[in-house]
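A.B. asks: Pasting a structure here, questions to come.
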Amino acid sequence: MSSSLTAGSFQALTFHPDDTVVIQDKIYGEHVISEPVLVELLRCPALLRLAGIGLHGQTDLLGISRTVTRLEHSVGASLLVRKVGGSIGEQVAGLLHDISHTVLSHDVDGALSKPGESYHEVQKSRYIMTTELPQILTRHGFTDLKPFDEELYPLVEMPAPHLCADRLDYSLRDTVVYGKLAIEDARRLYDSLTAFPNASAPHRLLVFQEIDLALAYARAYAECDRDVWCNPAHAVMSKKIGRLIGDLVQRGALKEEVLWSLSDREFWDLLKSKVDAEGLEVIKHIESGPHAEDSLRLPRGTKIRTIDPDMLLPDAEQPSPLSSVKPGWAEERQEYIKSRQALRTTRLSIIGPNFFYDSTSSRNTFIHPPNSTKILIMAEALTNTDLQGALPLIARGKVRDLYDVDEKTLLFVATDRISAYDVIMENGIPEKGILLTLCTKTWFKILSDAMPSLRTHFLTLDLPPQIPESLRPVLQNRSMQVRKLNILPIEAIVRGYITGSAWNEYKKSGTVHGIKVAEGLRESEAFPGGPIYTPSTKAEQGEHDENIHPDQAVAIVGEPYASKIASLAVQLYKIAHEYALSRGVIIADTKFEFGLDPETNEVVLADEVLTPDSSRFWPKDSYEIGRGQQSFDKQFLRDWLTSEGLKGKPGVRMTDDIAQKTSAKYREAWERITGGN
């Protein structure tokens, strides 16, 4: 006998006795699923529990937003992979990509995640092992359990602003349910979706084929971000509920196991029974919301989402982002990001029906309430740190301030200072230090996973206990505790492409750092023999690094360290280059720093790694040999300094426009490589 289940607003599942499942989806149509592994997973309670969990958390429960469940979204992601011809393994990965989401998962993530991590992702393995899912996959030949790691499947997960099944499915459902996109257009987008170059290529990519339809979708996506995903009032509510959940878990009044065993509604009722009188007042206030005063400012850390879908045009050999074929969309997208960032940087208080007080300004200013007018107040950059005696200051570098934690540990604090041509600018780039720190942490994990023998100085993003509570919000996510090392006094630069100072030297002498390289190279061309190691001296602040031949590095640090550093730097570059290339970014060159463990004399990777400050990032889709490239790093600032005759001059203050555009470059690099997580 057949049985049916309403999976969500758009979808119903019918389970038939002949071991098939029929999916009726209002956007994607009817699909008959007969593959045994998919059928068994669709019947599994661990997956079906997601029918009780909404994408939007408490705003779904309170009727503020319209419920799209994580079950229909998971099934939808799998159907998108299926549509373009993805493998069964990739369809399974799409179906299971949200499997570890908890009740009110955004609130829980905000409450229980450690810096730079997502709680439900960290707990994924733990949760999965409490279910029958590993046994199901093993029974059907997936003994390596790879489908649990959606990051291995590019059709399922891809960094923003690219398309992937996860991002496309939730956005299509939300843009339709909130009236931003007609359901007929959503169906046409589904029909135009394909995989490039095919669904099994190592660097496969979801692409659209109709420009105007893709533009309508991209605009609808931004509207949904503004009104739903990045709605300030919703974000404030989520923060408040997260604090209640975090407090209960910390005190042991709420067992973490219930986060995966209840529906959102059941958990909400449990939460109300667990909190104290003050917490209950918070919940009542939220239930009576949203409130106008919460719509004025985005809480710090709120993600701003945009999409720049890749387009495969007739007769084109490669896909191009929508912003390339529709330059107006590139400007529109950047203007939207700036307007949302302004909400995140301005603290406004209501003082009357027509005016608001800006408490972030150094002046006591009154401004009209925000409506369609853009707020152009930039966040204040953190260019200097003062720990009020909590830890002794050891040194201030070009970007980082170093503090002594204990005999084996340092605290690195990445400020928003920015330097170019070895000169620090007078003003900084807001939130740059946060992006650098989180980017470095991400790369340490990528490199260590690829090279298990690698040792790094990174310990944790957690702040040491000596830091007072009043300073923690400012320092969190821009600070990392690291091992003390004896730093080796050279910069281990690796170049994969000929550009910058290397190109200038090559034009004059046919060499790079005194190394003879192939003749006839053109600007931005990859070195035909692979990346080359081109070290420089590590100058004191205010002095200039000097490019040197590898033989001079031997004289400075001695053997066996010089050879170890050269070999390790090239290996790390190759790993990073391959990873970034799969995300549409070319790492033209980068520099590493190394130190020696004072106890074992082992070579240890130190400082920041593979950030826009230490690397040259190029967009793969616009790369062309024979000219300079656009970049996602501070080359934009360097070019401005050169054009204004300010190269190498002290006391330079960037204009607000240059600071904003440089900030956008840093953020785009971060989003492309990490997805912005």
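The values are calculated or read from the model by the stated rules, or taken from the named source; none is laboratory data. Just so you know, these numbers come straight off a predicted model, no measurement behind them. Every residue, glycine among them, receives a Cβ derived from its backbone with ideal geometry; neighbour counts consider all protein chains shown. Accessible surface areas use protein heavy atoms only, side chains included; no ligands, DNA or RNA. Shrake-Rupley method; radii C 1.70, N 1.55, O 1.52, S 1.80 Å.
A.B. asks: Can you give the FRET efficiency to the nearest 0.05 for Asp276 and Asp657, using r as the Cβ-Cβ distance and R₀ = 45 Å?
C.D. replies: 0.35
A.B. asks: Still on this structure, please answer the following. What does the extension gain come out to for Lys445 and Asn486, with contour length at 0.36 nm per residue minus their alpha carbon separation? Write out the running numbers ahead of the final one.
C.D. replies: Details: separation 41, 0.36 × 41 = 14.76 nm, distance 2.25 nm.
Here the segment from Lys445 to Asn486 would lengthen by 12.5 nm.
A.B. asks: Contour minus end-to-end for His31 and Met129, with contour as 0.36 nm per residue of separation and end-to-end as the Cα-Cα distance?
C.D. replies: Residue separation times 0.36 nm, minus the Cα-Cα distance, leaves 32.3 nm.
A.B. asks: Rolling a 1.4 angstrom probe over the protein heavy atoms, how many square angstrom per residue are accessible across the chain?
C.D. replies: For the chain, the per-residue accessible area is 42 Å².
A.B. asks: Say each of Gln388 and Asp144 gets a label point 7 Å from the Cα, pointing the same way as Cα to Cβ; how far apart are those two points in nm?
C.D. replies: Going by the 7 Å Cα→Cβ label model, 5.2 nm.
A.B. asks: Next question. How large is ³J(HN,Hα), in whole Hz, for each residue of the range 129-135 in order, when computed from phi with the Karplus curve 6.51 cos²θ - 1.76 cosθ + 1.60 and θ = phi - 60°, using x for Gly and Pro?
C.D. replies: Whole-Hz 3J(HN,Hα) from phi for the range 129-135: 5, 8, 10, 8, 4, x, 5.
A.B. asks: Where in the range 192-280 are there trypsin sites (Lys or Arg not before Pro) that are in a DSSP coil and have at most 10 other Cβ atoms within 10 angstrom of their Cβ?
C.D. replies: When the trypsin sites (Lys or Arg not before Pro) of the range 192-280 are filtered for loop state and at most 10 Cβ neighbours within 10 Å, Arg251, Lys255 remain.
A.B. asks: Indicate the gyration tensor shape class of the range 70-222 (rounded, prolate or oblate), computed on the Cα atoms with a ≥ b ≥ c the square roots of the eigenvalues: a/c under 1.5 is rounded; otherwise a/b larger than b/c is prolate and the rest oblate.
C.D. replies: oblate
A.B. asks: Quick one: pull the percent of accessible area on the range 393-634 belonging to carbon and sulfur, 1.4 Å probe, ligands and nucleic acids left out.
C.D. replies: Working: 4830 of 9700 Å².
Here carbon and sulfur together make up 50 percent of the probe-accessible area.
A.B. asks: Still on this model: Compute the length gained on full extension between Glu335 and Ile625: take 0.36 nm times their separation in residues and subtract their Cα-Cα distance, giving the result in nm to one decimal.
C.D. replies: Numbers: separation 290, 0.36 × 290 = 104.40 nm, distance 3.03 nm.
Between Glu335 and Ile625, full extension yields an extra 101.4 nm.
A.B. asks: Name the shape class, rounded, prolate or oblate, that the alpha-carbon gyration tensor gives for the range 423-575, where a ≥ b ≥ c are the square roots of its eigenvalues, rounded holds for a/c under 1.5, and otherwise prolate holds if a/b is larger than b/c and oblate otherwise.
C.D. replies: It is prolate, given that a/c is not under 1.5 and a/b is the larger ratio.
A.B. asks: Restricting to Cα pairs below 8 Å that are 6+ residues apart, what does the relative contact order work out to for the range 3-339? Please round to a whole percent. Can you show the working numbers first?
C.D. replies: Values: 503 pairs, mean separation 57.9, N = 337.
This gives 17 percent for the range 3-339.
A.B. asks: Just check the range 429-518 against the gyration tensor rule for me: Cα atoms, a ≥ b ≥ c as the square roots of the eigenvalues, rounded for a/c under 1.5, and otherwise prolate or oblate depending on whether a/b exceeds b/c.
C.D. replies: It comes out prolate by the Cα gyration axes.
A.B. asks: About the Cα centre, and with charges only on the beta carbon of Lys, Arg (+1) and Asp, Glu (-1), how big is the dipole of the range 11-159? Nearest 20 debye, please. Can you show the working numbers first?
C.D. replies: Values: 12 positive and 20 negative charges, 40 e Å.
Magnitude of the dipole: close to 200 debye.
A.B. asks: Treating only the Cβ atoms of Lys and Arg (+1) and Asp and Glu (-1) as charged, compute the dipole magnitude of the chain about its Cα centre; round to the nearest 20 debye.
C.D. replies: Rounded to the nearest 20 debye, it is 840 debye.
A.B. asks: What angle, in degrees between 0 and 90 and rounded to the nearest 10, separates the Cα long axis of helix 165-177 from the longest principal axis of the Cα atoms of the chain?
C.D. replies: 50
A.B. asks: Report, in listed order, any pair from Lys441/Lys665; Lys180/Lys272; Lys239/Lys326 with a Cα-Cα distance greater than 29 Å.
C.D. replies: On the way: Lys441/Lys665 19 Å; Lys180/Lys272 34 Å; Lys239/Lys326 37 Å.
Cα-Cα > 29 Å for Lys180/Lys272; Lys239/Lys326; rest within.
A.B. asks: Still on this model: 222 nm [θ] for the chain, helices only, -39500 (n - 2.57) per DSSP H run of 4+, per residue, to 500?
C.D. replies: Value at 222 nm, helices only: -11000 deg cm²/dmol.
A.B. asks: On to the next question. Between Asp212 and Gln250, what is the spin-label point distance in nm, taking each point 7 Å from the Cα along the Cα→C-beta axis?
C.D. replies: According to this spin-label approximation, the distance is 5.5 nm.
A.B. asks: Further, regarding this structure: Can you give me the relative contact order of the range 393-634 as a percent, contacts being Cα pairs under 8 Å and 6 or more apart?
C.D. replies: Once normalised by length, the contact order is 20 percent.
A.B. asks: Mind giving me the nanometre distance, one decimal, between the label points for Glu426 and Asp597, set 7 Å out from Cα along Cα→Cβ?
C.D. replies: Result for the modelled spin labels: 4.7 nm.
A.B. asks: Of the labelled options (i) 17, 43, 34, 7, 0; (ii) 16, 50, 31, 3, 0; (iii) 15, 42, 31, 11, 1, 0, which one gives P(r) over Cα pairs in 20 Å bins from 0, in percent as computed for this structure?
C.D. replies: (ii)
A.B. asks: Turning to a different aspect of this structure: Please tell me the relative contact order of the chain in percent, rounded to the nearest whole number, where contacts are Cα pairs under 8 Å and at least six residues apart. Can you show the working numbers first?
C.D. replies: On the way: 1179 pairs, mean separation 66.6, N = 677.
The normalised contact order for the chain reaches 10 percent.
A.B. asks: Choose one of Pro473, Met654, Ala492: the residue whose Cα lies farthest towards the positive end of the charge dipole of the chain (beta-carbon charges +1 Lys, Arg; -1 Asp, Glu; about the Cα centre).
C.D. replies: Met654
A.B. asks: DSSP loop (so not H, G, I, E, B), at most 16 other Cβ within 10 Å: list which trypsin sites (Lys or Arg not before Pro) in the range 636-672 pass both filters.
C.D. replies: Lys647, Arg653
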